[in-house]
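Visitor: Have a look at this one.
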Amino acid sequence: RGKGTFVERDLFESPAFIALSGVAPQMLIYILGKREFRQTGKTRICVNEKQIKLSYVELEKLGITQPRATRGFNELLAKGFIELVYHGGGCQKDQSVYGLSNQYLLWKKGTVFSERPNVLKKGFQNSKQRQYQHTNP
């Protein structure tokens, strides 16, 4: 990795970026810092734009709690900065993979480009409700 990251003007001047709240802007800069470039002639090409991993453990080390990180991911997905390429299982060896997206350029207030699937089942969530019949003795 280099000593910094380049952020395009059309990104940080976009209405979508200006509308980001909470830790989403910081998370986006961190995600952009994970890009890897290859020089081809006079141009640089991002070689991992659809293979970026950012774990909750990494974010925790930066002082971003899991609930705040979840809201950040949700906002970055909704506003079109990132897309979910692979939804991990929550274990460190099965991490979610994100891809960079330019949909933010088309974002307008009220637009939601994508959301994370709600696949985590906790307790009795998503299970059929049991009905009990009470009999009087």
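The values are calculated or read from the model by the stated rules, or taken from the named source; none is laboratory data. Everything numeric in this text was worked out from a predicted model, so none of it was measured. Positions of Cβ are backbone-derived with ideal geometry, glycine not excepted, and every protein chain shown enters the neighbour counts. These accessible areas exclude ligands, DNA and RNA; they are computed on the full protein's heavy atoms, side chains included. Shrake-Rupley method; radii C 1.70, N 1.55, O 1.52, S 1.80 Å.
Visitor: Roughly what % of Cα-Cα distances in the range 24-88 sit above 20 Å, to the whole percent?
Guide: When every Cα pair of the range 24-88 is considered, 30 percent fall beyond 20 Å.
Visitor: Could you order PHE113, PHE73 so the one with the most accessible surface comes first? Probe is 1.4 Å.
Guide: On the way: PHE113 60, PHE73 0 Å².
Accessible-area ranking of PHE113, PHE73, largest first: PHE113, PHE73.
Visitor: Further, regarding this structure: Show me 18-25, 79-86 ranked by packing, highest mean number of other Cβ atoms within 10 Å first. Mind showing how you got there, number by number?
Guide: Values: 18-25: 15.6, 79-86: 19.2.
Going from most to least packed, we get 79-86, 18-25.
Visitor: Right, something else. What nm distance separates the two modelled labels at LYS42 and SER21, each placed 7 Å from Cα along Cα→Cβ?
Guide: In this crude label model, LYS42 to SER21 measures out at 4.5 nm.
Visitor: Would you please give the residues with an amide H less than 5 Å from that of VAL85, counting only those at least 5 places away or on a separate chain, with H modeled from the backbone geometry?
Guide: Amide H to amide H, under 5 Å and 5 or more residues apart or across chains, VAL85 pairs with VAL97, TYR98, GLY99.
Visitor: Of LYS42/LYS93; LYS42/LYS108; LYS3/LYS53; LYS61/LYS108, which ones are farther than 30 Å apart at the Cα? Don't skip to the answer; put the middle values down first.
Guide: Working: LYS42/LYS93 37 Å; LYS42/LYS108 34 Å; LYS3/LYS53 19 Å; LYS61/LYS108 33 Å.
Result: LYS42/LYS93; LYS42/LYS108; LYS61/LYS108 exceed 30 Å.
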